[in-house]
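Encoded as structure tokens, the structure appears first; notes follow it.
The values are calculated or read from the model by the stated rules, or taken from the named source; none is laboratory data. All values derive from a computational prediction rather than experimental measurement. As a convention, Cβ positions derive from the backbone with ideal geometry for all residues, glycine included, and neighbour counts pool all protein chains shown.
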Amino acid sequence: MKAADQNDFLRVRTLLQARVGEAAALPLDKIVELAGLPSRRAAEQLMETRLGDFGFPLCAGAGGYFVPESPEEINHYLLSLKSRIRCIAIRLRTVQQNASRAGWARDGQQFSKPPPRSDFLFEMQ
């Protein structure tokens, strides 16, 4: 890990460990600004790849990222994640089914060469 990456992580960790409770949540844009990160995407990647390194549970809500102060906040966040997983699984299945119905060839878990354009447009009508 590069020193700059570690310094970014430490700055973000310090910002977030003081944000206890959903009412104290810190929006991602503010994290980017206060930690001096180059972009939202850099902050998102840091949160995704270093989540286990924070040393405390980290939740996210409409107001941003925060350390939960109660079991209810943790449980609410976990239910939210599970709901998102279900929604993504449904979307995944629907896209796969519609691609198959439209004539896209399936090769195991992947689709290969799309159908000719005219056939694809005809199937979609």
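Here are the numbers for the structure shown:
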{"quantity": "Q96 vs. criteria surrounded by 13 or more Cβ atoms within 10 Å (Cβ to Cβ) and at pLDDT below 95", "calculated": "yes"}
{"quantity": "Residue in region 94-104 that is on the phi < 0 side of the Ramachandran plot, aliphatic (A, V, I, L, M) and touching a residue at least 12 places away in the same chain (Cβ under 8 Å) present", "calculated": "yes"}
{"quantity": "Condition met for P27 (loosely packed, with under 15 Cβ neighbours inside 10 Å and under 21 Å from E73 (Cα atoms))", "calculated": "yes"}
{"quantity": "Residue tally, condition touching a residue at least 24 places away in the same chain (Cβ under 8 Å) and among the aliphatic types (A, V, I, L, M), over region 66-79", "calculated": "1"}
{"quantity": "Qualifying position, being surrounded by 10 or more Cβ atoms within 10 Å (Cβ to Cβ), in the same structural domain as D5 (by TED's automatic domain parsing) and not charged (D, E, K, R), among G52, G21, G103", "calculated": "G21"}
{"quantity": "Filter result (among the small types (G, A, S) and in a loop (DSSP other than H, G, I, E, B)) within region 1-55", "calculated": "A18, G21, A25, G36, S39, G55"}
{"quantity": "Where Y77 falls short, out of the listed (1) among the aromatic types (F, W, Y); (2) assigned to a helix (DSSP H, G or I); (3) in contact with a helix residue (DSSP H, G or I) (Cβ under 8 Å, 6 or more places away or on another chain)", "calculated": "(3)"}
{"quantity": "Region 80-93 residues that are within 18 Å of F111 (Cα to Cα), paired with ones that are exposed (fewer than 10 other Cβ atoms within 10 Å of the Cβ) and among the small types (G, A, S) (beta carbon under 8 Å, 6 or more apart)", "calculated": "none"}
{"quantity": "Hey, F9 out of contact with any strand residue (DSSP E or B) (no Cβ under 9 Å at 6 or more places or on another chain) and either in contact (Cβ under 8 Å) with a residue 60 or more places away in the chain or not charged (D, E, K, R) (or both) or not", "calculated": "yes"}
{"quantity": "Residue check for L51: without any contact (Cβ under 8 Å) to a residue 60 or more places away in the chain, under 30 Å from N7 (Cβ atoms) and over 16 Å from the mean Cα position of the chain (by Cα)", "calculated": "no"}
